[in-house]
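Structure first, then comments.
The values are calculated or read from the model by the stated rules, or taken from the named source; none is laboratory data. Computed from a prediction, not measured in an experiment: that's the story for all the values here. Neighbour counts run over all protein chains shown; Cβ positions are idealised from the backbone, glycine included.
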């Protein structure tokens, strides 16, 4: 005989308990399933494509930005009077190879960073909007982008260290024997061998602060698109034209760069093999003492000239490629 049947109400209580257990089990499962349901590798491929192409086109300006950023008066560093002088000097003494020093890790870094950033950001954003009737607000966009940025940096920081080291091999373009690092893989191996994991993650802390850059940019980008569509009496998530994407990307990038640039100077100096700092505070203190506020904004003009068109190229390629891939996936 079933013991539960001998007790009045026991069966119904058992059913209730079983039902609630079943409900608990069922309700605990959807978050994981719903999170993975929003993972689209099309976003990864599209972001990677945009990052690689924009890097190939604009890498020389990135080299100029880094050389200006670490310019702290050391005698071993070449002296440049401006962006054009730097470009022509590198071209004259080191040729095309000199202008593209560090391009391999830069392509890997930019491609991986943009790809992973779009990948994580879209998954997080879609997960957060799943049970909402309205779109995310500025703060939610900001937090989602910051979370995506932190996750991306954990994976890509060693690539950025190698890029900085390769870019700062001042005579490598003209005299291969003076190269400290032969290439990206050689740099990764040597940094790990002589400096350990700590060396590969130099600049990680200011890099974490730098996630605010991407967060501010994505927040501004999303808000600009949404408000622009509402102004035109269209759905807030409606796809834009190429020119409209370029405009939104440029405005959001300029806003983010002007707000957060000093962290890039601090990060580049921490990663520089020609100088030694005891840590983040030491970089800030010495830069402030020797160069003042100006020291934290060295290289900002070539940076703006590089990142604004780079961002436009990346975002347009991302929007078009992701739309194409998602349409192919859905059979549209």
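Below are the figures for this structure:
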read-out: Checklist (1) outside any loop (DSSP other than H, G, I, E, B); (2) in contact (Cβ under 8 Å) with a residue 40 or more places away in the chain applied to residue 274, failing item; value: (1)
read-out: Number of the condition not met by residue 320 [criteria: (1) crowded, with 19+ Cβ neighbours inside 10 Å; (2) closer than 18 Å to residue 250 by Cα]; value: (1)
read-out: Where residue 298 falls short, out of the listed (1) surrounded by fewer than 21 Cβ atoms within 10 Å (Cβ to Cβ); (2) modelled with pLDDT of 85 or more; (3) not in a helix (DSSP H, G or I); value: (1)
read-out: Residue match in region 256-263 (condition: buried (at least 21 other Cβ atoms within 10 Å of the Cβ), assigned to a helix (DSSP H, G or I) and at pLDDT 90 or above); value: yes
read-out: Subset of region 71-109 (residues that are without any contact (Cβ under 8 Å) to a residue 12 or more places away in the chain, farther than 20 Å from residue 305 by Cβ and either outside any helix (DSSP H, G or I) or under 30 Å from the mean Cα position of the chain (by Cα) (or both)); value: 75, 79
read-out: Selected residue (only one of 184, 219 is crowded, with 18+ Cβ neighbours inside 10 Å and over 17 Å from the mean Cα position of the chain (by Cα)); value: 184
read-out: Per-region count, region 228-252, residues closer than 18 Å to residue 140 by Cβ and at pLDDT 90 or above; value: 1
read-out: Subset tally (residues that are touching a residue at least 60 places away in the same chain (Cβ under 8 Å), over 16 Å from residue 113 (Cβ atoms) and not in a loop (DSSP other than H, G, I, E, B)) for region 176-208; value: 2
read-out: All positions within region 127-142 that are surrounded by fewer than 17 Cβ atoms within 10 Å (Cβ to Cβ) and part of a helix (DSSP H, G or I); value: 128, 129, 138, 139
read-out: Condition met for residue 211 (out of contact with any strand residue (DSSP E or B) (no Cβ under 8 Å at 6 or more places or on another chain), buried (at least 22 other Cβ atoms within 10 Å of the Cβ) and not in a loop (DSSP other than H, G, I, E, B)); value: no
read-out: Test result for residue 225, surrounded by 15 or more Cβ atoms within 10 Å (Cβ to Cβ), closer than 23 Å to residue 109 by Cα and more than 16 Å from the chain's Cα centre (by Cα); value: no
read-out: Filtered residues of region 72-85 (kept if closer than 18 Å to residue 270 by Cβ and in contact with a helix residue (DSSP H, G or I) (Cβ under 9 Å, 6 or more places away or on another chain)); value: 72, 73, 77
read-out: Residue check for residue 115: part of a helix (DSSP H, G or I), touching a residue at least 24 places away in the same chain (Cβ under 8 Å) and more than 14 Å from residue 165 (Cα to Cα); value: yes
read-out: Members of region 68-97 that are buried (at least 19 other Cβ atoms within 10 Å of the Cβ) and at pLDDT 85 or above; value: 86, 90
